[in-house]
Every structure is written in structure tokens, then in C-alpha cells.
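Following: one structure in C-alpha cells, then a few remarks.
The values are calculated or read from the model by the stated rules, or taken from the named source; none is laboratory data. All figures in this text were calculated on a predicted structure; none of them were measured in a lab. No Cβ is skipped: glycine too gets one built from the backbone with ideal geometry, and neighbour counts run over all protein chains shown. Note: areas computed on protein heavy atoms with side chains; ligands, DNA, RNA excluded. Shrake-Rupley method; radii C 1.70, N 1.55, O 1.52, S 1.80 Å.
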Amino acid sequence: MTVAAARCLILTPTISSSSAVLRLPRIARRRPLSCSASPLAVFATMESPPEGYRTNVGICLADPTLTKIFSASRIDIPTAWQMPQGGIDPGEEPRAAAIRELREETGVRSAEVVAEAPNWLKYDFPADVKDKLNARWGTNWKGQAQKWFLFRLTGGDDEINLMGDGSEKPEFSEWAWMTPQQVIEKAVDFKKPVYKETLKHFAPYLQSDPTASS
């Protein structure tokens, strides 16, 4: 797989859905998210986010052929690879938050929304992660309730810029296109159940990788 370093680019907004052009929302402050490997994974799915959990969006960015998925290594924890994600600001719609987070974390503006997971997916923070993040945020979240979106990149790889759009501190040091199974395998343990459920839902929209070994 190709691994590219961050590059700084100036891009033109062109994110769209299949039915209409989606205007990019305002740039809003978001809180950094850390992750840590842990054998603990508490997972659930529901129609609305539960109390006590930080509302969050997850972004499954597929390549133009809908064959492979974007995953990136965190600057603060290089062994932790993940798909982009981030908190939903007060009054912000999940889809708008996903478009914003995609732009802020990857610099991507040329993409279309392919699908939205029907339910919220919830995971609990392991104890050490919970203490660290709540101390940083001044909160008492049990974990995160996430709404996931599948995007298809409509531009080229050169549009991916790990410096983001310049509005936030970069989170990733390198990135790669991976098969769904590789994305799951590279994720920290407490995110694996959510990743499995997310990619299971998006599987009908993704294409088989003809270069993958059987």
C-alpha cells in the first residue's frame, strides 16, 4: 500500500451528495481525541445517542473506486491507526459535522456522501483513556456515541493533506489506503467492535479488492 506524508495544499470546496451540493459548514472548534490500546471493549447500537456519552461522528473515506479505506497513524500514538472522527458541536447536524471533520483532519473537500449508518454506535472508554480524556476536556463522559458516514473521494490522492485545513492542530503523521479488514486489525482494541459494525453496514457499497489474496 502507498503511505504518504502530510502535504499542505489549497483546495476548492466540492463536497456533494448524490442529490445536491452540500455547502461546507463553518469551521468550529473541536476537541482533540486520544486513543489507547486496551482489551476492554463495551459496544452497543441505538437509534439516538444516550446520555453520558460524547456525541461524535466517524468518517469512512473510501478511494474513488470504493475499494479501499483511508486510515491514518496518530501523531501522539504512532501505533494507533484510525479512521477520522471528531465531536459534534452544539446545534450541529451529524452530516455537517462529518463534512467539517473530514476537511479539518484530512484536508479533503472533494468527496461525496455515499451512505450513513442507520444507528448510533457506542463504545465505553477504557479506564485509563477515560481518566485522561475527561481530565483534558473537563467532562465526565463514559465513552462516545458515534454516527458514521461513508464518503467516496472524488479528487486525487494529492488532495489528502494531513495538515488539514489549517484550523486545527494536525492529528495524523501518515496515512494509507487499506482493506476493511486491515482497518479493523490496525485499530486499537476498544474501537474494533464499532469498526466491525460500521464496515459491515457499509460493505454493500464497497467493491472487492481485485489485488487482495484469497
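Listed values, structure above:
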quantity: Top-ranked residue in segment 161-185 [being modelled with pLDDT of 95 or more and out of contact with any Lys or Arg (no Cβ under 8 Å at 6 or more places or on another chain); ranked as most open to solvent (accessible area, probe 1.4 Å)]; calculated: Glu185
quantity: Lys142 being under 17 Å from Arg54 (Cβ atoms), in contact (Cβ under 8 Å) with a residue 24 or more places away in the chain and surrounded by fewer than 19 Cβ atoms within 10 Å (Cβ to Cβ); calculated: yes
quantity: Count of segment 122-135 residues which are aliphatic (A, V, I, L, M), open to solvent by 10 Å² or more (accessible area, probe 1.4 Å) and either part of a loop (DSSP other than H, G, I, E, B) or under 18 Å from Gly87 (Cβ atoms) (or both); calculated: 1
quantity: Any hit, segment 74-96, residues being charged (D, E, K, R), open to solvent by 10 Å² or more (accessible area, probe 1.4 Å) and in a helix (DSSP H, G or I); calculated: yes
quantity: Flag if Arg109 is more than 26 Å from Ala203 (Cβ to Cβ), charged (D, E, K, R) and part of a strand (DSSP E or B); calculated: no
quantity: From the options Glu105, Glu159, Glu168, Glu116, residue that is over 25 Å from Asp76 (Cβ atoms) and of a type outside the set (Ser, Thr, Tyr); calculated: Glu116
quantity: Set Ala80, Ala72: member being modelled with pLDDT under 95, under 14 Å from the mean Cα position of the chain (by Cα), under 22 Å from Lys192 (Cβ atoms) and not hydroxyl-bearing (Ser, Thr, Tyr); calculated: Ala80
quantity: Residue within segment 146-159 that is at pLDDT 90 or above, open to solvent by less than 60 Å² (accessible area, probe 1.4 Å), of a type outside the set (Val, Ile, Thr) and part of a helix (DSSP H, G or I) present; calculated: yes
